[in-house]
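S.K.: Below is the structure I would like to discuss, written out as structure tokens.
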Amino acid sequence: MSEPDTAEPMSATATDVPTTSDAVDAPLLEVDGLRKEFGGVTAVDGASFRVAPGSLTGLIGPNGAGKSTTFNCITGIHEPTGGTVRFDGQDVTGLAPYTLAKRGLVRTFQIARELSEMTVLENVMLAPPGQRGESATRAVLPGLREQVQEAEREVVDAAWETLDFFEIDHLAHENAGSLSGGQRKLLEMARVLSTDPEMVLLDEPLAGVNPTLEEKLLDRVDELRRDGLTFLLVEHDMDVIMRHCEHIIVMHQGQVLAEGDASTIQSDERVLEAYLGGDV
């Protein structure tokens, strides 16, 4: 997964950031000494940080800083070479993505991974875990079949509600492969929400999204945060990061270079040098 080639100027202030308590002492996600090597190349080199419950935390850094690899190690795409990942107080280092999803830790991808030949509604209906219809026995035996049918109706109703929340219900019967890039990002968020997560890792959710859909997606993220959901966001648009994230983690050469709020990060000469590649 490629990192962005360029970074936007860090000129915004955090005036639009929703207020939350600084609960880093009781983090939902803890990354300690995370390391990932590919042959002789060290992509992540001892990264450590925490994410507070209910927060929108930004993870930024120049191209090749190790952000995507860090995401992949947290979510089980890659097995870390070293270090630990703890989620909700439990060591989840190296667990498979589907196991993490069952525990409430899910992610999106830079390039949306919809099931293109299925409808938008069907894509969302696949997401909820533990569906009764997944059991062949329940689907055919008298008595149990009625329970499956009732559960299926509940899944359909919930899918419609989720599509309505993201304002893509009018696309429900369209094949997912026919959607625009921005609509696919909204569909991916809808699928993620259907898993009933505690925390979502967003990997470049605004890449290729037009300004109207971008604002819609950010509005939905803010609304979900008010309902208690936690987000870790990789995004190259510094204006978005500075306006919406109350805590920002900066990576450089596989390590955490700096942490803090928007004003702290904007005034950190190490961060400016890492982005601009020269003296400040």
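S.K.: Take the Cβ-Cβ distance between Leu115 and Glu198 as r, set R0 to 30 Å, and report the resulting FRET efficiency rounded to the nearest 0.05.
M.R.: 0.75
S.K.: Now a separate question. Which of the peptides 98-105, 190-197, 68-75 is most tightly packed, and how do the rest follow, judged by the mean count of other Cβ atoms within 10 Å per residue? Don't skip to the answer; put the middle values down first.
M.R.: Working: 98-105: 17.0, 190-197: 20.4, 68-75: 23.8.
Highest-to-lowest ranking by the protection proxy: 68-75, 190-197, 98-105.
S.K.: Please report, as a whole percent, how much of the solvent-accessible surface of the stretch 201-280 comes from carbon and sulfur atoms (probe radius 1.4 Å).
M.R.: Of all accessible area on the stretch 201-280, carbon and sulfur atoms account for 44 percent.
S.K.: Apply 1/(1 + (r/R0)^6) to the Cβ-Cβ distance of Val41 and Arg153, taking R0 = 51 Å, and write down the FRET efficiency to the nearest 0.05.
M.R.: So the FRET efficiency works out to roughly 0.50.
S.K.: What is the sum of charges around Ile249, taking Lys and Arg as +1, Asp and Glu as -1, for the other residues whose C-beta is under 10 Å from the C-beta of Ile249?
M.R.: +1
S.K.: Follow-up question, since we're still on this one. Students sometimes get this wrong: rank Thr119, Thr57 by accessible area, probe 1.4 Å, all chains present, largest first.
M.R.: Thr119, Thr57
S.K.: At 25 °C and 0.890 mPa s, what whole-number value in µm²/s does Stokes-Einstein give for the translational diffusion of the stretch 161-236, with Rh from the Kirkwood sum over Cα pairs?
M.R.: 193 µm²/s
S.K.: Follow-up. Using a Förster radius of 30 Å, what is the FRET efficiency between Trp160 and Ser263 based on their Cβ-Cβ separation? Nearest 0.05, please.
M.R.: Calculated transfer efficiency: 0.10.
S.K.: Another one. Need the full-extension length gain, Arg226 to Ala96, defined as separation in residues times 0.36 nm minus the C-alpha distance. One decimal, nm.
M.R.: So the extension gain works out to 43.9 nm.
S.K.: Taking the Cα centre of each part, how many Å lie between the stretch 47-68 and the stretch 99-119?
M.R.: Computed from Cα coordinates, the inter-centre distance equals 20 Å.
S.K.: By DSSP, what percent of the beta bridges with both residues in the stretch 141-275 are antiparallel, rounded to the nearest 5?
M.R.: Beta bridges within the stretch 141-275, antiparallel portion: roughly 50 percent.
The values are calculated or read from the model by the stated rules, or taken from the named source; none is laboratory data. On a predicted model such as this, the values are computed, not experimentally measured, just so you know. Reconstructed Cβ throughout: ideal geometry from the backbone, glycine too, with neighbour counts over all protein chains shown. Surface areas here come from the heavy atoms of the whole protein model, side chains and all, with no ligands, DNA or RNA. Shrake-Rupley method; radii C 1.70, N 1.55, O 1.52, S 1.80 Å.
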